[in-house]
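In what follows, a single structure is set out as structure tokens and then discussed.
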Amino acid sequence: MKIASLIIFGGLIMVDIENNRKLKNDNKKLKDKKHKKITKDELNKKLKEKDDLIKKLEEKLSETEKLAQQKDNLSKEYLEHMKRLQADFENYKKREEKKRKDFIEFANKELLSKLLSVVDNLERALDSSKNESNVEAIKQGINNILKDFCNILNKEGVKPIKAKGHKFDPYKHEAVMTVETDQYPEDTITEELRKGYYFKSKVLRPAMVKVAVSSKKNK
């Protein structure tokens with residue numbers, strides 16, 4: 001009985017050992033299988049991430065190409081716009097130059113027309129002087145012509161520069177002589193030798209003058 005019991009007990013132990021071995025093998029296979037499944041999922045995930053990245057890069061590249069095309073189109077439009085502006089500006093300059101020339105021509109024509117009336121008066125004065133023995137009448141006629149001529153100049157913006165009795169101004173007066181005197185303050189114009197004129201606000205011709213200097217300086 002003892003031997004039979006030992007045999008049975010030994011058989012049970014062997015069965016238990018075999019079952020444990022199978023269980024370990026099954027657990028190992030299950031673990032390996034699970035491990036392989038996780039690795040595959042991660043790989044798929046990595047591949048999907050790469051695909052998404054490639055897709056985003058392609059979209060970005062497409063947007064960049066579109067922007068580049070838009071910039072190229074804008075550059076062409078800007079260049080064409082600049083060419084049109086340049087052409088418009090050149091045409092504007094030509095129109096303004098023509099207007100300026102027309103204005104000068106018209107202004108000269110109008111001025112010459114006014115001066116012709118002075119010529120007419122001079123011719124009439126000469127004709128009258130042939131049969132006129134009265135010198136005063138001739139002088140009066142010449143004075144009237146001069147007055148008309150000065151009125152024409154005045155209307156055109158030509159006006160005389162004040163000189164005698166005024167302080168010398170090198171911008172308006174040209175000193176050609178000096179005179180020692182105590183009757184006038186120093187640098188005062190004592191005599192006008194040739195009239196000077198403004199045109200509008202600018203000096204057209206300076207007046208030639210004689211200027212006072214103090215006689216005390218030379219004593």
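Read-outs throughout are calculated quantities, based only on the coordinates presented, and are distinct from any laboratory measurement. Bear in mind the structure is a predicted one, so any value in this text is a computation, not a measurement. Quick reminder, even Gly has a Cβ in these numbers, built from the backbone with ideal geometry, and neighbours come from all protein chains shown.
In Å, the Kirkwood hydrodynamic radius of segment 159-219 over pairs of distinct alpha carbons?
So the Kirkwood estimate lands at 11.7 Å.
Output the pairs from Lys139/Lys167; Lys114/Lys159; Lys101/Lys147; Lys114/Lys162; Lys155/Lys200; Lys101/Lys172 with a Cα-Cα distance over 21 Å in this structure; if there are none, say none.
Cα-Cα > 21 Å for Lys139/Lys167; Lys101/Lys147; Lys114/Lys162; Lys101/Lys172; rest within.
Between Asp72 and Lys98, what is the label-to-label distance in nm when each label sits 7 Å out along the Cα-to-Cβ direction?
4.1 nm
Based on the alpha carbons, how large is the Rg to Rh ratio for segment 58-192 when Rh follows Kirkwood?
1.46
Under 5 Å between amide H atoms, partner at least 5 residues away or on a different chain: which partners does Leu193 have, H built in plane at 1.01 Å?
Those lying under 5 Å, H to H, from Leu193 are Met208, Val209, Lys210.
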